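Here's the structure we're looking at; comments come further down.
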Ligand SMILES: Cc1ncc(COP(=O)(O)O)c(C=O)c1O
């Protein structure tokens, strides 16, 4: 069985590697841990967003849009990936950034400017409270100039974007099959829900019931994301007439690893990042993958991924969804003595 995808534009380097984390697995007593290196979808285009953008920007081009509008936080990976992809495709891009301009710029924001994005800053509270009005004004201002804007929200977590991670699911399943693995757990960070929704869509369309997909939220809470992801799956099902029974899809979101809040790192997380760095030479990021990996290891210790009747834990595939440029602006949280 294979999936019929909507049209897309090729931007990411695919397939990304699926690597065995051998030294880390050994240190955990033999648990088989793999990492799906979606931080290697590109350099400037790295991370999970680019898989979603392959579908959205194909649609923008098809509709003859000439400016792409989206928004995110100051260190938004989504905004940076959108800026890079639009530069490559010759599309103008307007990024509405939630927060203050504090030059000199660092990390993703530095890259947004480097890629020629039009960047506007909006006080965070006001943006949260009046997002629809602010976005609407931005869209209208381009329409008044007789331009054709194409808008999508933070994380590109809309039905069309979901196909990116349905495709990632299929790609990973093939890599696992080549290794002789059919049953496993897949784990991803959840920030706006599109990655988790996409993986679940892939699982459903391929009938891969031996794979359990887990999300670990890095903001809000499990109940919020269960609802968001189900709604996104419902919309995708309706929009593409997939005939899925969405109410029956199990949506597992593990809460408890947000810490004090979105993008605020904590000690266990930093220790996990150091452990992964020292044993595997892999850099996680402090906003998404650091928290999700920390949560995954904690849940592993608690036996979460063990199936009834099995003595060993099944293999785990952690999706490294990128975020590397967001590490450097948070350097003050890291001490090495
Ligand atoms: C590096 C990284 N990992 C994970 C996520 C979470 O993905 P999603 O927004 O699809 O839940 C994001 C974005 O939110 C991200 O930038």
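The values are calculated or read from the model by the stated rules, or taken from the named source; none is laboratory data. Given the structure is predicted, the values throughout are model-derived calculations rather than measurements. Every residue, glycine among them, receives a Cβ derived from its backbone with ideal geometry; neighbour counts consider all protein chains shown.
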Inset, instruction - Could you list all residues from the stretch 12-41 that are under 24 Å from residue 53 (Cβ atoms) and assigned to a loop (DSSP other than H, G, I, E, B)? - result: 12, 13, 14, 15, 16, 17, 41
Legend entry - Set 188, 195: member being in contact with a strand residue (DSSP E or B) (Cβ under 7 Å, 6 or more places away or on another chain) and not in a helix (DSSP H, G or I): 188
Inset, instruction - Pairs only if they're at least six apart or on different chains, beta carbon under 7 angstrom, first in the stretch 289-314 and surrounded by fewer than 16 Cβ atoms within 10 Å (Cβ to Cβ), second at pLDDT below 75; list them, first residue then second. - result: 306/313
Legend entry - Enumeration of residues in the stretch 246-292 that are within 16 Å of the ligand (Cβ to nearest atom), assigned to a loop (DSSP other than H, G, I, E, B) and more than 17 Å from residue 331 (Cα to Cα): 251, 255, 257, 258, 259, 261
Inset, instruction - Please go through the stretch 33-53 and pick out each residue that is over 13 Å from residue 164 (Cβ atoms) and away from the ligand (no atom under 11 Å from the Cβ). - result: 33, 34, 35, 36, 37, 40, 42, 43, 44
Inset, instruction - Check 175, 227 and return the single one that is more than 13 Å from the ligand (Cβ to nearest atom) and out of contact with any strand residue (DSSP E or B) (no Cβ under 8 Å at 6 or more places or on another chain). - result: 227
Inset, instruction - Check whether at least one residue in the stretch 89-96 is within 22 Å of the chain's Cα centre (by Cα), under 17 Å from residue 50 (Cα atoms), surrounded by fewer than 17 Cβ atoms within 10 Å (Cβ to Cβ) and at pLDDT 95 or above, and report yes or no. - result: yes
Inset, instruction - Give the residue that is surrounded by the fewest Cβ atoms within 10 Å (Cβ to Cβ), with candidates limited to residues of the stretch 211-224 that are within 16 Å of the ligand (Cβ to nearest atom) and more than 19 Å from residue 294 (Cα to Cα). - result: 223
